[in-house]
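Shown next, in structure tokens, is the structure this report addresses.
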Amino acid sequence: MRFLAIFPSVFFASTTYAAACEMSSIKDCGNTNALVWAQSFQPALRGFLNKKKVGWLGQKQDVADVVTEVLGGVPDDVANVTEGLLRFSAVRPQSATERGSVFISTDGKIQAIGVLHFNCAKQCEKTYSLSIMVASDDAKLVKLAEAWGEEQMQLNKQSGFDDTLTVLSHLEVLVQKR
């Protein structure tokens with residue numbers, strides 16, 4: 001009975017928290033999980049990305065679905081990477097070695113996305129690939145996404161991961177056509 005009395009307050013508190021996070025109020029997003037659950041995130045993500053299919057995580061699937069998956073696990077803290085640009089990142093649920101990040105301007109526009117994966121299109125590779133998607137051929141955004149990938153490799157090294165999991169072996173930059 002006590003559970004039933006507490007459950008409504010927990011439910012309403014969590015939905016209120018999630019409702020505050022939207023692309024138009026990106027600074028209200030406390031973490032990547034809140035961002036991914038925001039109603040405005042999927043339309044913004046799909047509008048940013050091409051309808052490309054990729055085999056980064058296994059069978060080919062829509063790149064927006066891959067990005068959503070790698071942002072769906074344990075979130076990192078939101079990082080203010082430069083003036084007016086926030087980075088949201090997380091690990092893939094059940095596979096913390098695969099990770100994602102999304103760089104969003106404070107006015108709520110996606111600027112870049114990074115996905116760390118093992119390129120499983122044919123057979124999963126044993127070394128990391130970093131795929132970066134940017135709105136335009138912006139070297140500054142690419143460098144920020146690369147720095148995030150290198151930061152993840154350093155964290156792997158500090159955690160005692162095998163040498164193959166501490167180096168970015170492949171880099172792919174995809175400019176999204178508008």
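If I compute solvent accessible area with a 1.4 Å probe over the protein chains, what percent of it on the chain is carbon and sulfur?
Exposed carbon and sulfur together represent 56 percent of the surface.
Could I get the Rg over Rh figure for the chain? Both from C-alpha atoms, Rh via Kirkwood, rounded to two places.
Details: Rg = 16.9 Å, Rh = 16.9 Å.
For the chain, the value is 1.00.
May I ask you to list, by number, the DSSP H helices of the chain whose Cα span along the axis is at least 15 Å and whose average Kyte-Doolittle hydropathy reaches 0.5 or more?
TM-like helix candidates: 2-20.
For the range 114-178, which GluC sites (Glu not before Pro) are in a loop by DSSP, counting at most 16 other Cβ atoms within 10 Å?
Glu125
Could you tell me what fraction of 2.2 N^0.38 Å the Cα radius of gyration of the range 116-178 comes to, as a two-decimal ratio?
1.21
Which Cα, out of Gly55, Ala20, Thr106, lies furthest along the positive dipole direction of the chain (beta carbon charges, K/R +1, D/E -1)?
Sorting the options by dipole projection puts first Gly55.
Relative to the Cα centre, what is the charge dipole magnitude of the chain, using +1 at the beta carbon of each Lys and Arg, -1 at the beta carbon of each Asp and Glu, and rounding to the nearest 20 debye?
Numbers: 18 positive and 19 negative charges, 106 e Å.
It works out to roughly 520 debye.
Name the GluC sites (Glu not before Pro) in the range 58-107 that are in a loop by DSSP and that have at most 13 other C-beta atoms within 10 Å, would you? Each step should come with its number before you reach the end.
On the way: sites: Glu69, Glu83, Glu98; in loops: Glu83.
When the GluC sites (Glu not before Pro) of the range 58-107 are filtered for loop state and at most 13 Cβ neighbours within 10 Å, Glu83 remain.
Taking 0.36 nm per residue of sequence separation and subtracting the Cα-Cα distance, how much length would be gained by fully extending the chain between Ser24 and Cys124, in nm to one decimal?
Roughly 32.3 nm would be gained on extension.
Using the heavy atoms of the protein chains alone and a 1.4 angstrom probe, what is the accessible area of the chain per residue in square angstrom?
That works out to 55 Å² per residue.
Can you sort Ser24, Ser159, Ser89 by solvent-accessible area, 1.4 Å probe, largest first? Please list the in-between numbers first.
Working: Ser24 105, Ser159 85, Ser89 0 Å².
If we order Ser24, Ser159, Ser89 from most to least accessible, we get Ser24, Ser159, Ser89.
Under 19 Å between alpha carbons, and skipping anything fewer than 8 positions from Lys27 in its own chain: which lysines qualify?
Filter leaves Lys109.
Determine the gain in length on full extension of the stretch Leu155-Val173; use 0.36 nm per residue of separation and subtract their C-alpha separation, reporting nm with one decimal.
Extra length from Leu155 to Val173 when fully extended: 4.2 nm.
With unit charges on the beta carbon (Lys/Arg positive, Asp/Glu negative), name the residue among Val74, Gly160, Phe118 whose Cα is farthest towards the positive pole of the charge dipole of the chain.
The residue sitting most towards the positive pole is Phe118.
Give me the dipole magnitude in Debye, nearest 20, for the range 117-156 about the Cα centre, with unit charges on the beta carbon: positive for Lys and Arg, negative for Asp and Glu. Please list the in-between numbers first.
Details: 4 positive and 6 negative charges, 32 e Å.
It works out to roughly 160 debye.
Heavy atoms of the protein only, probe of 1.4 Å, neighbouring chains included. What is the accessible area of Asp76 in Å², nearest 10?
60
Any aspartates and glutamates with Cα under 19 Å of the Lys143 Cα? List them, leaving off those in the same chain fewer than 8 positions away.
Glu83, Glu151, Glu172
Would you compute, from DSSP H runs of 4+ residues alone, the mean residue ellipticity of the chain at 222 nm, taking -39500 (n - 2.57) per run and dividing by the full residue count, rounded to the nearest 500?
-10500 deg cm²/dmol
By accessible area of protein heavy atoms, probe 1.4 Å, what ranking do His117, His170 get, highest first?
So, going from the largest accessible area down, we get His170, His117.
The values are calculated or read from the model by the stated rules, or taken from the named source; none is laboratory data. Everything numeric in this text was worked out from a predicted model, so none of it was measured. Cβ: placed from backbone, ideal geometry, glycine included. Neighbour counts: every protein chain shown. For the accessible areas, the whole protein counts, side chains as well, though only heavy atoms, and no ligand, DNA or RNA atoms are used. Shrake-Rupley method; radii C 1.70, N 1.55, O 1.52, S 1.80 Å.
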